[in-house]
Amino acid sequence: MDRRQMIVQRVREYFGERLDDVAPMVRQDRQELRGWQEPAHVRAVARRARSEGSTEGSTEANAATATLTIEVVRAAGEANPAQQREALGQLLESALGGLEKVGRNTPNELNPEEMAGLEVVLLLYARPAVAIEDTRLGNVPPFWNILEDQREDIEMAARGVGRIELLGHPECDWAGTGFLVSDNVLITCRRIAELFSEAKGDHWQFRPGISTWMNYRPDYQGTSAAGYRINNIIGVSDRYDLALLEVERPQPYNGIGPTPLALAAEGPRDVNGRPVYLIGYPVRDARRNEPEPVARAFRDVYNVKRVQPGMLRGELTFGENTRLLRHDCAPLGQTAGSPILDLETHQVVAIQVGGRYLEIGTAVPIYVLRDDPLFRRANVTFCTASREDCTQASEQLERLARTRYWGEVREFIQNVYQRAFGNR
């Protein structure tokens, strides 16, 4: 599949029946970006491209248009606000023409500018990377208003996701993403654990001279700011790309502390087309196929905590015992070790393994590990209550809170919680 086919296919897949709703969103955002002086060098290239493009089939015109596309996409990532806004506005304007051609089923007429514009639209609207800013979910694009409706649950889940940082490693100051599944146990990928640990007989141990920390903050603070040390390698799966680590129990900061994520005991009702979201720290990886101009334009996305929504795209089975989930979250940046959560129940359904730019990613389904010996040894619990059960329990607790028995009930709940999960 060539690049044009891939972009058109993703536009149709991601927007689906709402394709006609995208153009008004793009047009409105383009209008809001107007009023800034277009940089002289961009304006000159644009005039030249339009002039030379009047000759149909001209090689020089195609080259000029391609040059303009690269310059505009790169300018969208520049620090100068005026240049950045105008370049992004130009890309949105080009995307309008691309959306029209996709809508009338003439994708072969797409020019490089329109293809670049469609890529930007895909990454801004269809599969965005929404920032977590000081434990708060950032601005949500209109296409994903459901994230706004679920804001509180998403923000709570994001607290338990962190970046594994290294001290003393000869090459890296971070390893990847991990997330809490109990007060002192976190999950990450095996390949991430291998950066700072190694097998020694039937157990794993830290590599000499390397200390490892868990940092739950949304931005990159450096190892000196990461306050929770990883004390032990509980174990590494011999079947899946994942590892369990023992970490210091988190303490609240700014009045809010990291909380463990709930693990789904059963798979979702539909593994094809079900809305999910990934929480992680996307990083630029040269091994992925992200175009350099696009990566540069979205450089602010990398290295900070993001929520990246998408859909499940089915399940793969290898042999008799190995299963993987397919999804289209996180087309931008490498996010191995990140949790993928169901957008309805907010339970973790999978852990991200890998993917490529604008291609289907793969993840380990968490529910297949419910009876895994490694998880049993670490006392990792899975959530068997449905969302309806949780809602009913909350309503009953609210009613109790208004009665004179609340003090006694609250003390009982605290004692049960402490016996189950330890002191917080």
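Among the residues of the range 155-173, the ones that are free of Cβ contacts under 8 Å to residues at least 40 places away in the same chain and either closer than 17 Å to residue 304 by Cβ or part of a strand (DSSP E or B) (or both) come to 1 in all.
Is it fair to say residue 353 is buried (at least 18 other Cβ atoms within 10 Å of the Cβ) and either among the basic types (Lys, Arg) or at pLDDT 95 or above (or both)? No; evaluated as a whole, the condition is false for this residue. Of everything in the range 99-125 that's of a type in the set (Asp, Glu) and farther than 22 Å from residue 296 by Cβ, which residue is modelled with the highest pLDDT? Applying the filter and picking the extreme gives 100. Just to be sure I understand, how many residues within the range 122-154 are farther than 24 Å from residue 215 by Cβ, over 15 Å from the mean Cα position of the chain (by Cα) and either among the hydrophobic types (A, V, I, L, M, F, W, C) or in a helix (DSSP H, G or I) (or both)? Residues flagged as farther than 24 Å from residue 215 by Cβ, over 15 Å from the mean Cα position of the chain (by Cα) and either among the hydrophobic types (A, V, I, L, M, F, W, C) or in a helix (DSSP H, G or I) (or both) within the range 122-154 amount to 6.
Just one of (1) under 15 Å from residue 341 (Cβ atoms); (2) over 18 Å from the mean Cα position of the chain (by Cα); (3) part of a strand (DSSP E or B) fails for residue 276. It is (2). Please determine, by comparing only the residues of the range 267-289 that are crowded, with 20+ Cβ neighbours inside 10 Å and of a type outside the set (Val, Ile, Thr), which one is nearest to residue 119 (Cα to Cα). So, considering only residues that are crowded, with 20+ Cβ neighbours inside 10 Å and of a type outside the set (Val, Ile, Thr), the one nearest to residue 119 (Cα to Cα) is 282. Against the conditions (1) under 16 Å from the mean Cα position of the chain (by Cα); (2) surrounded by fewer than 19 Cβ atoms within 10 Å (Cβ to Cβ); (3) among the polar types (S, T, N, Q); (4) assigned to a strand (DSSP E or B), residue 308 satisfies every one except (2). Scanning the range 97-114 for residues that are surrounded by 19 or more Cβ atoms within 10 Å (Cβ to Cβ) and within 20 Å of residue 25 (Cα to Cα) turns up 98, 99, 102, 113, 114.
Apart from one condition, residue 317 fits all of (1) in contact (Cβ under 8 Å) with a residue 40 or more places away in the chain; (2) more than 30 Å from residue 140 (Cα to Cα); (3) in contact with a strand residue (DSSP E or B) (Cβ under 9 Å, 6 or more places away or on another chain); the exception is (1). Look at (1) free of Cβ contacts under 8 Å to residues at least 60 places away in the same chain; (2) outside the structural domain of residue 330 (by TED's automatic domain parsing) and you find that residue 295 fails only one, number (2). Checking each residue in the range 297-348 for being within 28 Å of residue 117 (Cβ to Cβ) and of a type in the set (Phe, Trp, Tyr) picks out 298, 302. Scanning the range 286-344 for residues that are among the β-branched types (Val, Ile, Thr) and in contact with an Asp or Glu (Cβ under 8 Å, 6 or more places away or on another chain) yields 294, 304.
Looking only at residues of the range 377-396 that are surrounded by 12 or more Cβ atoms within 10 Å (Cβ to Cβ), at pLDDT 75 or above and of a type outside the set (S, T, N, Q), we find that the one that is nearest to residue 245 (Cα to Cα) is 378. The test for being under 30 Å from residue 200 (Cα atoms) and buried (at least 18 other Cβ atoms within 10 Å of the Cβ) does not hold for residue 293.
Quick one: in the range 120-153, of everything that is more than 25 Å from residue 391 (Cβ to Cβ) and acidic (Asp, Glu), which residue is surrounded by the fewest Cβ atoms within 10 Å (Cβ to Cβ)?
Filtering the range 120-153 for residues that are more than 25 Å from residue 391 (Cβ to Cβ) and acidic (Asp, Glu), the one surrounded by the fewest Cβ atoms within 10 Å (Cβ to Cβ) comes out as 134.
The values are calculated or read from the model by the stated rules, or taken from the named source; none is laboratory data. In this text the structure is predicted, and so the values were computed from the model without any measurement. In this analysis, Cβ positions are derived from the backbone assuming ideal geometry, glycine residues included, and neighbour counts consider all displayed protein chains.
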